[in-house]
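Written out below as structure tokens is the structure these notes cover.
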Amino acid sequence: MIPSILPTYNRAPMNFVKGAGPWLETDDGRRFLDLGAGIAVNALGHAHPALVQALTDQAQAVWHTSNLYGIPKQQDLADKLVDATFADTVFFCNSGTEACELAVKMARKYFFDQGQTDRTDIIAFEGSFHGRSSAGIAAAGADKLTHGFGPLLPGFAQLPFGDHDALTAAITDTTAAIIVEPIQGEGGIRPVPDQCLKGLRDLCDEKGILLILDEVQCGVGRTGKLFAHEWAGIEPDIMMVAKGIGGGFPLGAVLATEHAASAMGPGTHGSTYGGNPLACAVGCAVVDIVADDMFLANVSLAAGAFRQGLEGLVAAHPDVFDGVTGSGLMLGLKCKAPNTDVVAAGYDAQVLTVPAANNVVRILPPLNMSHDDIAEGIARLDQAATALAGGASA
Ligand SMILES: *Cc1c(COP(=O)(O)O)cnc(C)c1O
């Protein structure tokens, strides 16, 4: 008999009912250290006082009115994001894959309105992930996402990761945009080197096409900058944001330059829930905290401590781990043991991590983790690796 919840997920047997900072508690009273943060969502940990306050204040005032009317908190959040980023304008949605939908629509409409109606193709990269909507799976193209769901939305191609020549050759007069994650998340914490991001920007400028960055996972302070592309000193034309921006409340956004967004007038796109007062109240609180130089400097400090700890684990458990990848607090432990075994051994040690492709275990902790909690996280991962290696302590 089919379960009452559609069985699309493989769930671990824990039910979390309470959280504070990086800690989560199960319904049977066990405490776990959360190094996955709900897949890079709980950027400020669980039950952050400023976020709880923002949400409850808004809940007392008004929950939902729709985009038929002005939404003051949505305006505030848009202004904050325009202020803090390359963007001139923002559309709010509820998830990363909805952000992908609009990014694709915006790029196509941009060229359509310029009379270049054949310029509809989007170039993506192998190993990428852009969500589970029809555009998202067509963009990423991997068989495990698309199998059985055809006919796929046309107009997408996937190129090998890091092959600049193949990319240059693939751009034709039907190409509208390149879509890329500055750091692939699901793909196994694979950063695009700064030089390559610069190269992509130059190539898009030279060919007159748009650069769409998917910062759904790597954005909102995760790398120690508000957005990951800032490290490369480049700016996209369109950027997808979700996950961390809501700090745990469903919220996504598409940020764009005035130029790239120029074809999106009234009636061209919409969302009933998008930019809802509750979501935007929390989003404002998140951005107020994260878009601060001191906060971001502390992310980099925490990241240094975490990375050092992880390098120590790799050295101590060469049979379990192969190396560390990533940037800031978007880190990956490349494993020799099956990554799902490492994650499961973490459950026994009461520490949460997230598997990714390429046999990687993702470490995506809250951005405001204390150094004591980081040390505790490393100790628990050490315990997990020791158990996995047969109990022989390294
Ligand atoms: C998670 C993710 C998405 C999809 O976000 P949803 O909110 O699950 O729809 C898209 N792109 C990237 C890079 C992601 O990590």
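The values are calculated or read from the model by the stated rules, or taken from the named source; none is laboratory data. Predicted model, so just to flag it, every value in this text is computed and none were measured. Every residue, glycine among them, receives a Cβ derived from its backbone with ideal geometry; neighbour counts consider all protein chains shown. These area figures cover heavy atoms from the full protein model, side chains too; ligands, DNA and RNA do not enter into them. Shrake-Rupley method; radii C 1.70, N 1.55, O 1.52, S 1.80 Å.
A quick yes/no check of all residues on (1) touching a strand residue (DSSP E or B) at 6+ places or on another chain (Cβ under 9 Å); (2) at pLDDT 95 or above; (3) within 16 Å of the ligand (Cβ to nearest atom):
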{"position": "G141", "(1), (2), (3)": "yes, yes, yes"}
{"position": "I209", "(1), (2), (3)": "yes, yes, no"}
{"position": "G221", "(1), (2), (3)": "no, yes, yes"}
{"position": "K243", "(1), (2), (3)": "yes, yes, yes"}
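Restricting attention to helices (runs of 4 or more DSSP H) lying wholly within the range 252-364, give those where 1 or more residues are under 22 Å from the mean Cα position of the chain (by Cα) and polar (S, T, N, Q). Talk me through it step by step, then tell me what you get.
On the way: elements: 277-290, 293-316, 339-348.
In the range 252-364, 293-316, 339-348 are the helices (runs of 4 or more DSSP H) which contain 1 or more residues that are under 22 Å from the mean Cα position of the chain (by Cα) and polar (S, T, N, Q).
State yes or no: is P151 in the same structural domain as H229 (by TED's automatic domain parsing), open to solvent by 10 Å² or more (accessible area, probe 1.4 Å) and not charged (D, E, K, R)? If you could, list the steps in order and put the result at the bottom.
Numbers: in the same structural domain as H229 (by TED's automatic domain parsing): yes; open to solvent by 10 Å² or more (accessible area, probe 1.4 Å): yes; not charged (D, E, K, R): yes.
When the stated conditions are applied, P151 passes them.
For the range 230-260: of the residues being of a type in the set (A, V, I, L, M) and surrounded by fewer than 24 Cβ atoms within 10 Å (Cβ to Cβ), which is farthest from G45 (Cα to Cα)? Applying the filter and picking the extreme gives I234. Of everything in the range 78-87 that is aliphatic (A, V, I, L, M) and touching a strand residue (DSSP E or B) at 6+ places or on another chain (Cβ under 9 Å), the residue that is most open to solvent (accessible area, probe 1.4 Å) is V82.
Test V17 against the criterion of being open to solvent by 80 Å² or more (accessible area, probe 1.4 Å), modelled with pLDDT of 95 or more and over 14 Å from A279 (Cβ atoms), and give yes or no. So that I can check it myself, show each step before the final result.
Numbers: open to solvent by 80 Å² or more (accessible area, probe 1.4 Å): yes; modelled with pLDDT of 95 or more: yes; over 14 Å from A279 (Cβ atoms): yes.
Judged against the criteria, V17 is a match.
Scoring G150 on the criteria (1) more than 16 Å from the ligand (Cβ to nearest atom); (2) farther than 20 Å from M240 by Cα; (3) not in a loop (DSSP other than H, G, I, E, B) leaves a single failure, condition (3).
Of all residues in the range 368-380, at least one satisfies being in contact (Cβ under 8 Å) with a residue 12 or more places away in the chain, closer than 29 Å to D288 by Cα, hydrophobic (A, V, I, L, M, F, W, C) and buried (at least 19 other Cβ atoms within 10 Å of the Cβ). Restricting to the range 108-139, name every residue that is within 16 Å of the ligand (Cβ to nearest atom), assigned to a helix (DSSP H, G or I) and not polar (S, T, N, Q). The answer is A135, G136, I137, A138, A139. In the range 167-182, the condition of being more than 16 Å from the ligand (Cβ to nearest atom), crowded, with 23+ Cβ neighbours inside 10 Å and under 30 Å from A281 (Cα atoms) is met by no residue.
The number of residues in the range 104-139 that are more than 24 Å from P160 (Cα to Cα) and open to solvent by less than 50 Å² (accessible area, probe 1.4 Å) comes to 3. Taking the stated definitions as given, is L200 in contact with a Cys (Cβ under 6 Å, 6 or more places away or on another chain), free of Cβ contacts under 8 Å to residues at least 40 places away in the same chain, farther than 30 Å from K18 by Cβ and not small (G, A, S)? Answer is no for this residue.
Does K225 satisfy the condition of being open to solvent by 10 Å² or more (accessible area, probe 1.4 Å), farther than 17 Å from F125 by Cβ and within 16 Å of the ligand (Cβ to nearest atom)? Break it down stepwise before answering.
Details: open to solvent by 10 Å² or more (accessible area, probe 1.4 Å): yes; farther than 17 Å from F125 by Cβ: yes; within 16 Å of the ligand (Cβ to nearest atom): no.
No, not satisfied.
For the range 183-202, the count of residues that are assigned to a strand (DSSP E or B) and within 11 Å of the ligand (Cβ to nearest atom) is nonzero.
Here is a yes/no grid of residues against (1) within 16 Å of the ligand (Cβ to nearest atom); (2) outside the structural domain of E376 (by TED's automatic domain parsing); (3) open to solvent by less than 20 Å² (accessible area, probe 1.4 Å):
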position: I39; (1), (2), (3): yes, yes, no
position: Q60; (1), (2), (3): no, yes, no
position: D76; (1), (2), (3): no, yes, no
position: T89; (1), (2), (3): no, yes, no
position: L102; (1), (2), (3): yes, yes, yes
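Here T268 fits the description: more than 16 Å from the ligand (Cβ to nearest atom) and of a type in the set (S, T, N, Q).
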